[in-house]
Amino acid sequence: MKIHRAYKFRMYPTKGQEVLIHKTFGCTRFIYNYCLDLKRNNKYLTKFDLMKELPKLKKEYSFLKEVDSCSLQNAITDLMVSFDKQEKEFGGHPKFKKKGEKESFRTSFVTSSYKGTIYENIKVDLKRRVIELPKLKEVKIRGYRNLNNLPGRILNATIKEVGTRFYVSICVEEEIELPGRKNNQAVGIDIGVKNLVVTSNKEYYGNPRYLEKYERKIKRLQQELSRKIKGSKNYIKCKKKIEEVYRKLKNARKKMVEAIVSNITQNYDIIIAENLQVKKMLEKKNNHKSLRKEITNATFSEIIRILKYKCNWLNKKFIQVNSYYPSSQICSRCGNKNEEMKDIRIREYYCSKCGLEIERDYNASINILNEGLKSYNN
């Protein structure tokens with residue numbers, strides 16, 4: 001089975017390389033915004049039409065010749081993908097990019113041969129810990145000490161600046177063998193705020209609430225930022241400090257989610273979860289601001305996203321029950337429905353019919369398991 005996997009490394013560019021990276025950020029942003037403006041005026045323009053604009057722009061703006069041409073082409077590709085998502089109602093209308101926000105660019109892997117010699121524009125040497133990129137040439141990297149080389153074929157490389165750090169993510173197409181299933185054991189999982197995950201085998205994965213740990217620091221830095229002159233050196237320094245705190249918060253959440261998902265996928269072959277519509281949950285008027293904040297902090301979407309691809313790689317069966325299935329209201333023993341459980345403040349489920357008393361999330365996970373097995377057996 002062929003899969004696409006990303007290998008992320010930290011980069012240590014020289015001062016000259018940093019300047020070129022920032023120039024590439026600026027040029028790709030310029031092309032993206034320029035083409036977005038053209039598309040707004042003429043929605044029938046195709047990707048090919050926008051690509052034809054590049055040679056003209058390079059003649060008019062000589063600074064575009066200084067950066068990698070593949071990164072400029074990929075900026076147009078990204079714009080067209082955004083428009084496709086909008087048409088399929090997966091996202092809103094593409095917006096203009098701003099300097100200093102999510103700075104990144106992607107370059108494609110290109111290979112050619114001349115007189116029997118093969119030339120590649122992206123090379124990774126993990127023994128010397130360097131990566132060779134178009135225009136940038138060799139850049140020092142760190143990461144994946146247990147690998148001697150990247151498995152599979154390189155497709156592209158994405159360079160990002162996060163706070164004061166630079167990263168490169170190399171997308172590789174590799175062949176993997178699907179492992180056999182261990183025990184065909186099924187589990188239902190309920191994803192929530194109080195406990196991130198509760199399984200039908202009564203396993204509880206708590207919610208560390210990492211945002212609370214970093215929130216005060218973020219608030220203080222944002223207050224500092226508001227007092228500084230926009231665009232000044234101190235403003236940029238403070239902004240980078242904020243990005244650094246958000247990086248730590250993101251990494252802490254990711255490590256926690258990866259640990260939970262790894263534990264579940266190692267022990268079970270059939271994993272059943274709710275088809276959560278996080279966007280609608282956040283848009284609900286009934287939900288208090290603090291609850292919406294808790295939902296965002298709990299990273300529901302990230303848990304489901306990682307579960308999906310891990311199950312695909314490990315030959316596990318991943319099933320999602322209907323988002324409107326009232327798993328919290330149904331008694332897992334007799335099937336009686338208790339509509340009082342719509343109130344999420346009630347943490348104990350009580351069945352008036354059979355007298356079952358059970359923890360709310362544990363009851364929901366059993367119902368999710370039973371509902372998922374119905375579709376699996378059919």
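The values are calculated or read from the model by the stated rules, or taken from the named source; none is laboratory data. As the structure is a prediction and not an experimental result, all values here were calculated from the model. Cβ: placed from backbone, ideal geometry, glycine included. Neighbour counts: every protein chain shown.
Summary table
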item: Sole residue being of a type in the set (Asp, Glu), surrounded by 12 or more Cβ atoms within 10 Å (Cβ to Cβ) and modelled with pLDDT under 85, chosen from 212, 294, 283, 244; result: 294
item: Residue count for the stretch 5-41, restricted to those that are free of Cβ contacts under 8 Å to residues at least 40 places away in the same chain and either in contact with a Gly (Cβ under 7 Å, 6 or more places away or on another chain) or buried (at least 20 other Cβ atoms within 10 Å of the Cβ) (or both); result: 0
item: Wholly enclosed helices (runs of 4 or more DSSP H) of the stretch 1-87 bearing at least 1 residues of a type outside the set (Val, Ile, Thr), within 23 Å of the chain's Cα centre (by Cα) and over 23 Å from residue 157 (Cα atoms); result: 69-87
item: Any hit, the stretch 70-82, residues being among the hydrophobic types (A, V, I, L, M, F, W, C), over 30 Å from residue 230 (Cβ atoms) and free of Cβ contacts under 8 Å to residues at least 24 places away in the same chain; result: yes
item: Unmet requirement for residue 372, which otherwise passes all of (1) over 30 Å from residue 213 (Cβ atoms); (2) crowded, with 20+ Cβ neighbours inside 10 Å; (3) modelled with pLDDT under 90; (4) among the small types (Gly, Ala, Ser); result: (3)
item: Output for the stretch 76-131, where each listed residue is loosely packed, with under 15 Cβ neighbours inside 10 Å and touching an Asp or Glu at 6+ places or on another chain (Cβ under 7 Å); result: 111, 123
item: Those residues of the stretch 112-168 which are in a strand (DSSP E or B) and within 19 Å of residue 29 (Cα to Cα), in sequence order; result: 156, 157, 158, 159, 160, 161, 162, 166, 167, 168
